[in-house]
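The block underneath contains the structure these notes are about, expressed in structure tokens.
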Amino acid sequence: MNVRLNIPIMAAASLAVVSAAAQRPARTERPKTVYDFTVKDIDGRSVKLSRYRGKVLLIVNVAGKCGLTPQYSGLQSIYEKYRKRGFVILGFPANDFLAQEPGTEAEIKQFCSTNYRVTFPMFSKIVVKGEGQAPLYRFLTSKDTNPTGAGDIEWNFAKFLIGRDGKPVQRFASRTTPTDTSVTEAIEKLLADKR
């Protein structure tokens, strides 16, 4: 009699385990490249970064009220120089450092267009450091995905060079200008590699 009672109890316990497992969210794969991310552009539209597959990218956190803001000129200059060869700059406004990007997306877009004639893709404001850090920047600063460029973003205009395979290749400090030979030579090297 005890055996008969245990069978339904065991079956019920097994059903409860199966039911609990079915309610757990499915495991999502960890991103392997920047192409695994979808972000909002400066106009609020969703953009899959996979649209840049096969391009050499420079991802930069930007700000309009920073001592480094004139780097917009250098960024636009190298964008114009290399874009026909498959180079794209992705600008991500961030207000994480002394509130140096306080404007709305519309104000940022107007500022960049009027003052620096920016034509490279700009995106909606994001958090690049600390609580609420955007997943893209978590990926870029992680030791798991970017061992040579890992660590917190130090300031506005930190630059991540991304290879045609969508993986981080090199990180340049905020104070390294976009036209510095260390940046341009690294871009040219990646552009020469057609893989």
**Request:** Specify the residue that is surrounded by the most Cβ atoms within 10 Å (Cβ to Cβ); the eligible residues are those in segment 41-60 that are farther than 25 Å from F172 by Cβ and not acidic (D, E).
**Result:** K48
**Message:** Here is a check on your reading of the model: is V127 without any contact (Cβ under 8 Å) to a residue 60 or more places away in the chain and either farther than 28 Å from E29 by Cα or not in a loop (DSSP other than H, G, I, E, B) (or both)?
**Reply:** no
**Prompt:** Is it the case that segment 69-86 has a residue that's closer than 23 Å to E185 by Cβ, modelled with pLDDT of 95 or more, in contact with a Lys or Arg (Cβ under 7 Å, 6 or more places away or on another chain) and surrounded by 14 or more Cβ atoms within 10 Å (Cβ to Cβ)?
**Reply:** yes
**Request:** From the list T176, T145, T184, pick out the single residue that is in contact with a helix residue (DSSP H, G or I) (Cβ under 7 Å, 6 or more places away or on another chain), part of a loop (DSSP other than H, G, I, E, B) and touching a residue at least 40 places away in the same chain (Cβ under 8 Å).
**Result:** T145
**Message:** Pairs please, first residue from segment 39-53 and modelled with pLDDT under 95, second anywhere and assigned to a helix (DSSP H, G or I) and not basic (K, R), Cβ atoms under 8 Å, 6+ apart in sequence or on different chains.
**Reply:** none
**Request:** Being surrounded by fewer than 18 Cβ atoms within 10 Å (Cβ to Cβ), over 12 Å from the mean Cα position of the chain (by Cα) and of a type in the set (A, V, I, L, M) is the filter here, so list the residues in segment 100-130 that pass it.
**Result:** A106
**Request:** Go through segment 88-120 and give me each residue that's of a type in the set (S, T, N, Q), in a helix (DSSP H, G or I) and over 17 Å from D43 (Cα atoms).
**Result:** N115
**Prompt:** Among (1) without any contact (Cβ under 8 Å) to a residue 24 or more places away in the chain; (2) over 23 Å from Y52 (Cα atoms); (3) small (G, A, S), where does A150 come up short?
**Reply:** (2)
**Message:** Show me the strands (runs of 3 or more DSSP E) found entirely inside segment 24-87 where at least 1 residues are within 16 Å of L140 (Cβ to Cβ) and of a type in the set (V, I, T).
**Reply:** 38-40, 56-62
**Asked** Can you name the residue in segment 148-173 that is assigned to a loop (DSSP other than H, G, I, E, B) and of a type in the set (D, E, K, R) and is also surrounded by the most Cβ atoms within 10 Å (Cβ to Cβ) among such residues?
**Response** R164
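The values are calculated or read from the model by the stated rules, or taken from the named source; none is laboratory data. The structure displayed is predicted, hence computed values, not measured ones. Please note: Cβ atoms are built from the backbone with ideal geometry, for glycine as well, and neighbour counts cover all protein chains shown.
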